[in-house]
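Read-outs throughout are calculated quantities, based only on the coordinates presented, and are distinct from any laboratory measurement. Note that this is a predicted model, so its numbers are computed, not measured. Cβ: placed from backbone, ideal geometry, glycine included. Neighbour counts: every protein chain shown.
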């Protein structure tokens, strides 16, 4: 080969979820040879979690070469807050498009021209003077010019690179679920299906919105309604919720199918007692509810030689601001931009880190602000009274999952 001839730089993206796919697509479009290593044995299909879109997310999709049309999600124009009896106590116009994890995964996966490897569990990464290496659990070693750690909020690569960075439990959980549009009663469908809806029972909060249904369909009658229900949960109660019927405690998160029947029954009973009847129905008719403990995580740097942290591998923000996927997409855009503007790779990653650490910190702090009411529920009466002052329906509807410049 002619020494003057340019060789294509190679990148390995560890983690094949949405953040990893954003990075893979953007790098590939910028001339990188990209391979994605996903640890799960099969492609990450079938996940139905709802995602709130923001203008920044659409900009990142366009930069990744994904054509966005009306089929990307379900549009709503109105936000409403329901009282315990199901009547509307407040409403405001706020147009927004709601999509689903599976829909985003599908469009990003189809756009990616490189190699997507499943069953590729990474055990270690190293950065060297002129390359980086990724070692898989099967013992094989893979060389690249750049490694992107996009392996999620329990990132094994972050643990290797920043062992002192720890997830901090916020003192509450979020029950989540999806119910098929066709399973809702006509009255509930008319009241909330076409809206971003809220209910604020004492010491709790639930919200819901429509998303794509099976096969990512957004056709009327084939969509789903997605709910997120925040409930204060002290550490000892959390440990009980994470324990399956055999007595095993799943500290890293219990698989939905292993949540005990008594836990689900208690949750449905609480829904009937505390929530507006429309939300109680949504919860009761959800086939497989799940819950996630709410965490905060921040880091001081996102660059380690030729290795970059991205998305939830670096900053984990509470879901109130609805910025998780948008933040990861923004990281990917900034990473591609820095690599195009700076040489060598290490200098580009330092510039990327300097920019995105500030953004990540701001998103986490904003999410903490929005979640302060829930966190106060395990504190003193005075703390709860202070938090209550900032939990009017108008404030919640105005600030939840609304884009702002970070």
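The mean sequence separation of alpha-carbon pairs under 8 Å and at least six residues apart, normalised by the residue count of the stretch 17-121, gives a relative contact order of 45 percent.
Residues within the reach of a label modelled at residue 287 (point 7 angstrom out along Cα to beta-carbon, backbone nitrogen below 14 Å), restricted to the stretch 180-196, are 180-184. Length gained on full extension, residue 84 to residue 240: 53.3 nm, using 0.36 nm per residue less the C-alpha separation. Entry note, the chain: the mean residue ellipticity at 222 nm calculated from DSSP H runs of n ≥ 4, each adding -39500 (n - 2.57), is -9500 deg cm²/dmol after division by the residues and rounding to the nearest 500.
Of the residues 373, 225, 116, the one with the fewest other Cβ atoms within 10 Å heads the list, and the complete ranking is 116, 373, 225. Distance between the pseudo-spin-label points of residue 365 and residue 346 (7 Å out from Cα toward the beta carbon): 3.1 nm. Between residue 8 and residue 140, what is 0.36 nm times their sequence separation minus the Cα-Cα distance? Round to one decimal in nm. The span from residue 8 to residue 140 would gain 45.3 nm if fully extended. Each 20 Å bin, from zero up to the one with the longest distance, holds this percent of the alpha carbon pairs of the chain: 27, 57, 16, 1. Computed over every Cα-Cα pair of the stretch 301-386 and binned at 5 Å starting from 0, the pair-distance distribution P(r) comes out as 3, 16, 22, 18, 12, 10, 8, 6, 4, 3, 1, 0 percent. When each of 135, 81 is scored by the number of other beta-carbon atoms lying within 10 Å, the sequence from fewest to most is 135, 81. The Cα center of the stretch 168-182 and the Cα center of the stretch 72-141 differ in position by 16 Å. Take the Cα of residue 93, go 7 Å toward its beta carbon, and the backbone nitrogen atoms of the stretch 50-77 under 13 Å from that spot belong to 77. Packing around the peptides 170-179, 71-80, 309-318, taken as the average count of other Cβ atoms within 10 Å per residue, puts them in this order, highest first: 309-318, 170-179, 71-80. Multiplying the residue separation of residue 131 and residue 70 by 0.36 nm and removing their Cα-Cα distance gives an extension gain of 17.7 nm. Computed over the stretch 227-322, relative contact order equals 19 percent, with contacts defined as Cα pairs under 8 Å that lie 6+ residues apart. Sorting the segments 198-205, 252-259 by their mean number of nearby beta carbons within 10 angstrom, highest to lowest, gives 198-205, 252-259. Taking label positions 7 Å along the Cα-Cβ direction at both residue 248 and residue 29, the computed distance is 4.2 nm, reported to one decimal. Given a Förster distance of 22 Å, report the FRET efficiency between residue 169 and residue 384 from their Cβ-Cβ distance, rounded to the nearest 0.05. The formula returns an efficiency of 0.75 here.
Hey, how much of the P(r) for the stretch 157-199 falls beyond 14 Å, as a percent of Cα pairs? Could the numbers behind the result be given before it?
Details: 632 of 903 pairs.
When every Cα pair of the stretch 157-199 is considered, 70 percent fall beyond 14 Å.
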